[in-house]
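Asker: Please find one structure pasted underneath; my questions will follow.
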Amino acid sequence: MSVSATASSLQQTIVIERAQLGAARAALRAAYEAHPLTTPLLHDHAALVDGAVLRLWQACDFPATAALVAVGGYGRGELFPRSDVDLLILLPVPPDEALQARLTGLVGALWDVGLDIGHSVRTLEECLEAARGDITVQTSLLEARLITGDTTFFDEFSRAYRQQLDVREFFRAKLIEQEQRYARYNDTPFALEPNCKESPGGLRDLQMLGWIARAAGLGRNWRELARQRLITGNEASDLRSCERFLQHVRIRLHYLSGREEDRLLFDYQERLAHAMGIEATMAKRASENLMQRYYLNAKKLTQINAILLQNYSGEILPRRELPAFIINARFQAAGELLDIRADDTFERNPEALLECFLLLQQRSELKGMTARTLRALWLNRNRVNAAFRANPVNRARFLEIFQQKRGIVHAFRRMNQYGILSRYLPAWRKILCQMQYDLFHVYTVDQHTLTVLRNMRRFTMGEHAHEYPLLTRLILGFERHWLLYIAALFHDIAKGRGGDHSVLGMHDAREFCKMHDLADEDTELVGWLVRHHLSMSCTAQKEDTTDPNVIQRFADAVGNERRLTGLYLLTHADIRGTSPKVWNGWKGKLLEDLFFATRRLLRGETPQQALGLDDRQEDAQRLLRYYGLRPGIEDALWAQLDAVYFMRHSAEEIAWHARVLYFRADGSEPVVRARVEEDGDSAQVMVYAPDQKDLFMRLTGFFSCRGFSILDAKVYTTRHGYALDSFMLQHSTDDDDEDYRDIVALIEHDLTDMLRTPDRVMRPSPSRLSRQVKHFPITPQVGLYPDEAGRHYILSLVTVDRPGLLFDVAEVLASNAINVEAARISTLGERVEDTFLVSGGGLAQNSRAIKVERELLERLQV
């Protein structure tokens with residue numbers, strides 16, 4: 001057929017298809033409105049589009065050797081009303097000029113008939129190459145379906161794709177992808193305007209479970225997974241129910257918005273509720289009832305998601321079965337997971353329902369619970385009743401959860417997820433999945449409260465000290481600071497009841513404290529904080545804090561410095577927990593000014609410096625005077641240092657740095673000093689030099705090549721662009737007679753020499769793992785997420801210790817143009833838990849972050 005004849009035939013087909021497609025889509029919508037069934041709509045819509053695409057393909061007269069392939073959700077045979085139509089045009093060879101013209105005509109025709117097209121044109125080799133380096137392409141091709149064309153060629157492509165697919169790597173990549181996706185939505189499905197497709201607990205969770213099962217050959221639907229004993233029959237039914245509900249939500253959203261809109265925006269919630277037959281009640285609007293159903297659906301889905309992913313891991317990444325480690329009569333450690341010793345543990349010992357959360361906090365080697373433990377928690381949640389709450393053992397254990405050094409937020413999130421918290425605190429049930437219709441909260445009341453608890457907890461953590469240095473100093477100096485966690489948990493617990501939620505919440509908090517035998521002064525403090533949790537923000541933002549009378553009134557209301565400090569911390573945590581967009585530097589400055597002005601009045605004297613670091617600086621100055629250095633000798637260096645530096649270093653270290661650098665602060669030559677620690681078993685090395693590319697990697701490589709293990713690293717960059725890094729080292733030999741004094745001078749000489757040679761990198765040799773690591777493996781974990789300000793990223797690593805480990809990490813970061821701005825190295829026996837503050841590398845792009853995580857995981861595998 002001639003080109004002109006083809007073009008004419010194509011135009012006629014476009015006109016016909018546009019009319020037919022519009023009419024057929026309207027008929028599908030009418031049928032759905034009359035009988036709302038999701039499966040017929042999604043499948044019939046895909047079939048309808050198949051026909052239109054096929055006829056346009058035929059009108060373009062493509063060669064018989066080509067193949068037209070549906071991919072993505074369209075390939076799965078499910079097409080939502082306004083979803084993209086993803087197509088792959090598979091060719092045996094790259095297209096020539098004539099074929100390229102036909103392809104251009106086809107894509108234009110598809111758009112002209114009213115289809116939103118996503119397309120790619122590739123040869124078989126190009127497809128496989130694209131899939132090799134891109135998890136998104138891999139996933140899309142997993143559900144490839146031939147529409148028309150060369151069947152033999154498509155079968156060849158399918159076989160090659162399956163042969164290339166590495167199921168283990170696919171599974172690991174999907175886990176990272178889910179983690180990154182969850183992070184984009186602040187790790188909660190309970191936003192007030194969630195995305196029904198992408199948010200945690202959305203359709204993407206279901207699709208991911210299906211993709212992994214399909215890739216691993218575990219099953220093609222929920223029933224098959226149940227037959228494989230990966231989930232129970234009830235869980236399979238729950239998954240199908242969750243899926244149907246989310247499909248209805250997304251279909252209705254597409255029809256209401258007239259476009260591919262997957263967000264449950266306030267604009268649509270009321271209309272969506274009515275469209276789904278959800279009506280208002282005396283207490284709640286229709287939209288509130290809709291969203292509560294949505295959140296409960298998401299909660300159920302995330303529960304089963306956690307169980308099923310864990311079971312997938314057992315199938316896809318099988319590990320050598322080690323004997324369970326018995327913890328006590330009720331629990332054991334199964335690998336790195338907490339496990340009940342018998343299926344009826346919670347029936348026989350209801351007290352264990354709280355004990356399991358406490359054990360996870362106390363045993364850092366455990367990273368979660370087994371699937372059967374999670375399932376048993378949910379099934380036995382109703383055993384938390386009045387008698388359970390009155391049991392002194394349970395009351396004491398609940399308080400212990402607040403008082404642990406780690407895992408507090410995780411414990412309360414798990415308790416909320418599996419229904420324990422709402423049964424232990426009856427008042428919590430009333431805020432569960434409760435909407436907040438205002439201009440600043442973006443989470444439900446319960447999730448906002450848990451976010452406030454998380455914020456309060458972060459104030460105590462070193463890896464977040466750069467974000468809140470003053471808050472960190474204040475909370476670490478606050479006696480029994482776990483009382484603030486109780487205040488955070490209760491501050492909004494009375495919302496939605498009518499009346500002043502602060503007053504009602506105060507009564508709830510006091511009752512809780514008395515039931516749990518807290519001291520009178522602690523009960524009074526927690527109740528007061530809940531009652532007045534809004535007063536500081538209101539005063540700072542709505543009154544003239546330059547007026548002495550305003551400050552005096554506020555100081556009179558606060559009464560003492562302990563209340564003031566607690567209120568300042570709670571106010572910060574509360575505002576930051578409303579929405580990522582609500583907090584700003586201006587609000588922080590208002591609160592800080594009010595805090596310091598009030599504290600000055602309460603003390604009757606001038607307060608300490610704004611960040612409260614003068615004690616440490618004064619101690620360092622006293623040490624400098626002790627060493628005979630004149631006053632002011634430290635000023636030039638300290639002018640280039642900020643609060644983060646003083647937070648991270650002891651007064652003795654600060655004085656040491658000042659003694660070494662007071663006349664070298666602006667020199668171009670690197671300064672390296674090493675000293676032996678008092679215990680004689682380790683050495684500390686300080687490096688001061690103009691900041692330079694890959695410096696952290698070069699330093700770690702040097703230490704590893706010299707046989708040192710890095711016990712701790714503090715990485716810092718001064719205001720004028722100098723690196724001021726400190727390392728605590730221990731020699732990796734077992735020679736008890738080794739004297740570190742003999743090697744200090746050697747370190748100083750050799751490291752200075754290396755730093756004088758630009759770009760010189762000392763690469764450590766591969767080494768064997770210790771015997772202990774081989775018998776007690778630790779699954780590597782990598783976390784990468786933005787800090788609250790969004791300017792830096794926090795990288796956390798958990799893995800086994802080995803020589804050269806830190807160099808491997810530094811090399812991956814350097815190869816991705818990522819700068820290490822701070823590092824905390826923590827080695828616990830053979831277990832390493834490192835935290836880095838990093839920037840650069842285009843980490844704001846999800847694909848870049850996933851790439852870095854995958855590369856790190858590959859380097860950490862043992």
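Asker: Output yes when any residue across region 429-450 is under 16 Å from Lys405 (Cβ atoms) and part of a helix (DSSP H, G or I), and no when none is.
Answerer: no
Asker: Considering only region 160-190, state which residues are over 15 Å from the mean Cα position of the chain (by Cα), touching a residue at least 40 places away in the same chain (Cβ under 8 Å) and either within 30 Å of Met291 (Cα to Cα) or part of a loop (DSSP other than H, G, I, E, B) (or both).
Answerer: Matches in region 160-190: Leu165 only.
Asker: Among the residues in region 75-89, are any among the aliphatic types (A, V, I, L, M) and more than 40 Å from the chain's Cα centre (by Cα)? Break it down into steps so the answer makes sense when it comes.
Answerer: First, pick out the residues of region 75-89 that are among the aliphatic types (A, V, I, L, M): 79, 85, 87-89.
Remaining after also requiring more than 40 Å from the chain's Cα centre (by Cα): none.
There is no residue in region 75-89 that is among the aliphatic types (A, V, I, L, M) and more than 40 Å from the chain's Cα centre (by Cα).
Asker: A follow-up question, please. Can you find a residue in region 91-99 that is assigned to a strand (DSSP E or B) and either over 30 Å from Val167 (Cβ atoms) or polar (S, T, N, Q) (or both)?
Answerer: Here is the first cut: in region 91-99, the ones assigned to a strand (DSSP E or B) are 91.
If we keep only those that are either over 30 Å from Val167 (Cβ atoms) or polar (S, T, N, Q) (or both) as well, we get none.
The answer is no; no qualifying residue exists.
Asker: Select from region 109-134 the residues that are without any contact (Cβ under 8 Å) to a residue 60 or more places away in the chain, in a helix (DSSP H, G or I) and open to solvent by 30 Å² or more (accessible area, probe 1.4 Å) and list them in ascending order.
Answerer: Correct list: Trp111, Glu125, Glu126, Glu129, Arg132, Gly133.
Asker: Which residue out of Arg320, Arg271, Arg293 is over 17 Å from Phe190 (Cα atoms), open to solvent by 60 Å² or more (accessible area, probe 1.4 Å), in a helix (DSSP H, G or I) and not small (Gly, Ala, Ser)?
Answerer: Details: Arg320 fails: in a helix (DSSP H, G or I); Arg293 fails: over 17 Å from Phe190 (Cα atoms).
On inspection, the qualifying residue turns out to be Arg271.
Asker: Among the candidates Ala24, Ala30, Ala66, Ala19, which residue alone is farther than 25 Å from Arg214 by Cα, surrounded by 13 or more Cβ atoms within 10 Å (Cβ to Cβ), free of Cβ contacts under 8 Å to residues at least 60 places away in the same chain and out of contact with any Cys (no Cβ under 9 Å at 6 or more places or on another chain)? Spell out how you get there, then give the answer.
Answerer: On the way: Ala30 fails: surrounded by 13 or more Cβ atoms within 10 Å (Cβ to Cβ); Ala66 fails: free of Cβ contacts under 8 Å to residues at least 60 places away in the same chain; Ala19 fails: surrounded by 13 or more Cβ atoms within 10 Å (Cβ to Cβ).
Going through Ala24, Ala30, Ala66, Ala19 in turn, the sole match is Ala24.
Asker: Test Val137 against the stated conditions and say whether it is among the hydrophobic types (A, V, I, L, M, F, W, C) and within 26 Å of Arg181 (Cβ to Cβ).
Answerer: Values: among the hydrophobic types (A, V, I, L, M, F, W, C): yes; within 26 Å of Arg181 (Cβ to Cβ): yes.
Spelling it out, Val137 is indeed among the hydrophobic types (A, V, I, L, M, F, W, C) and within 26 Å of Arg181 (Cβ to Cβ).
Asker: Could I ask something else about it? If a residue must be at pLDDT 95 or above, under 20 Å from Gln310 (Cβ atoms) and either open to solvent by 30 Å² or more (accessible area, probe 1.4 Å) or small (Gly, Ala, Ser) (or both), how many such residues does region 183-201 contain?
Answerer: The qualifying residues number 1.
Here is a yes/no grid of residues against (1) small (Gly, Ala, Ser); (2) open to solvent by 40 Å² or more (accessible area, probe 1.4 Å); (3) outside any loop (DSSP other than H, G, I, E, B):
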| site | (1), (2), (3) |
| --- | --- |
| Asn289 | no, no, yes |
| Leu309 | no, no, yes |
| Asp339 | no, no, yes |
| Phe357 | no, no, yes |
| Leu366 | no, no, no |
| Arg372 | no, yes, yes |
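Asker: Which condition number in (1) within 26 Å of the chain's Cα centre (by Cα); (2) at pLDDT 95 or above is the one that Ile251 fails?
Answerer: (1)
Asker: Hey, among Asp96, Asp84, which residue is among the charged types (D, E, K, R), open to solvent by 20 Å² or more (accessible area, probe 1.4 Å) and without any contact (Cβ under 8 Å) to a residue 12 or more places away in the chain? Walk me through how you get there before you give the answer.
Answerer: Details: Asp84 fails: without any contact (Cβ under 8 Å) to a residue 12 or more places away in the chain.
From the options Asp96, Asp84, the qualifying one is Asp96.
Asker: List every residue pair whose Cβ atoms sit under 8 Å apart, with the two residues 6 or more apart in sequence or on different chains, where the first one lies in region 634-651 and is within 12 Å of Leu724 (Cα to Cα) and the second, anywhere, is open to solvent by 50 Å² or more (accessible area, probe 1.4 Å).
Answerer: From residues that are within 12 Å of Leu724 (Cα to Cα), the pairs are Leu637/Tyr662; Gln640/Arg719; Gln640/His720; Leu641/Arg719.
Asker: Among the candidates Leu724, Leu746, which residue alone is among the hydrophobic types (A, V, I, L, M, F, W, C), modelled with pLDDT of 85 or more and over 22 Å from Ala823 (Cβ atoms)? So that I can check it myself, show each step before the final result.
Answerer: Details: Leu724 fails: over 22 Å from Ala823 (Cβ atoms).
One residue alone meets the criteria, Leu746.
Asker: Taking region 567-590 as the region of interest, how many residues are crowded, with 17+ Cβ neighbours inside 10 Å, modelled with pLDDT under 75 and assigned to a helix (DSSP H, G or I)?
Answerer: 1
Asker: With the condition kept exactly as written, say whether any residue in region 854-862 is more than 21 Å from Ser765 (Cβ to Cβ), within 21 Å of the chain's Cα centre (by Cα) and either surrounded by fewer than 21 Cβ atoms within 10 Å (Cβ to Cβ) or at pLDDT 85 or above (or both). Spell out the reasoning first.
Answerer: Kept after step one, since they are more than 21 Å from Ser765 (Cβ to Cβ), are these residues of region 854-862: 854, 857.
Remaining after also requiring within 21 Å of the chain's Cα centre (by Cα): 854, 857.
Add one more test, that the residue is either surrounded by fewer than 21 Cβ atoms within 10 Å (Cβ to Cβ) or at pLDDT 85 or above (or both), and what stays is 854, 857.
Checking region 854-862: at least one residue is more than 21 Å from Ser765 (Cβ to Cβ), within 21 Å of the chain's Cα centre (by Cα) and either surrounded by fewer than 21 Cβ atoms within 10 Å (Cβ to Cβ) or at pLDDT 85 or above (or both).
Asker: I would also like to ask the following. Identify all residues within region 432-468 that are β-branched (Val, Ile, Thr), at pLDDT 90 or above and open to solvent by less than 10 Å² (accessible area, probe 1.4 Å); write none if there are none.
Answerer: Scanning region 432-468 gives Val445, Thr449, Val452.
Asker: Yes or no: Ala52 over 25 Å from Ala131 (Cα atoms) and open to solvent by less than 10 Å² (accessible area, probe 1.4 Å)?
Answerer: Values: over 25 Å from Ala131 (Cα atoms): yes; open to solvent by less than 10 Å² (accessible area, probe 1.4 Å): yes.
For Ala52, the condition - over 25 Å from Ala131 (Cα atoms) and open to solvent by less than 10 Å² (accessible area, probe 1.4 Å) - is met.
Asker: Kindly indicate the residue of region 223-234 that is part of a helix (DSSP H, G or I) and under 16 Å from Glu315 (Cβ atoms) and also least open to solvent (accessible area, probe 1.4 Å) among those meeting that condition.
Answerer: So in region 223-234, the residues part of a helix (DSSP H, G or I) come out as 223-227, 233-234.
Narrowing further to those that are under 16 Å from Glu315 (Cβ atoms): 224-227.
Working: Glu224: 56, Leu225: 3, Ala226: 28, Arg227: 167 Å².
Within region 223-234, the match that is least open to solvent (accessible area, probe 1.4 Å) is Leu225.
This table checks each residue for (1) within 22 Å of Leu54 (Cα to Cα); (2) touching a His at 6+ places or on another chain (Cβ under 7 Å); (3) not hydrophobic (A, V, I, L, M, F, W, C).
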{"residue": "Gly118", "(1), (2), (3)": "yes, no, yes"}
{"residue": "Thr139", "(1), (2), (3)": "no, no, yes"}
{"residue": "Phe153", "(1), (2), (3)": "yes, no, no"}
{"residue": "Gln163", "(1), (2), (3)": "no, no, yes"}
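Asker: Same structure, new question: Identify the residue in region 637-678 that is at pLDDT 80 or above, open to solvent by 40 Å² or more (accessible area, probe 1.4 Å) and part of a loop (DSSP other than H, G, I, E, B) and, among all such residues, is farthest from Ala465 (Cα to Cα).
Answerer: Among residues in region 637-678 that are at pLDDT 80 or above, open to solvent by 40 Å² or more (accessible area, probe 1.4 Å) and part of a loop (DSSP other than H, G, I, E, B), the one farthest from Ala465 (Cα to Cα) is Glu669.
The values are calculated or read from the model by the stated rules, or taken from the named source; none is laboratory data. Since we're looking at a predicted model, the values are computed, not measured. All Cβ positions, glycine included, derive from the backbone under ideal geometry; neighbour counts span all protein chains shown. Keep in mind that these areas ignore ligands, DNA and RNA; they rest on the heavy atoms of the full protein, side chains included. Shrake-Rupley method; radii C 1.70, N 1.55, O 1.52, S 1.80 Å.
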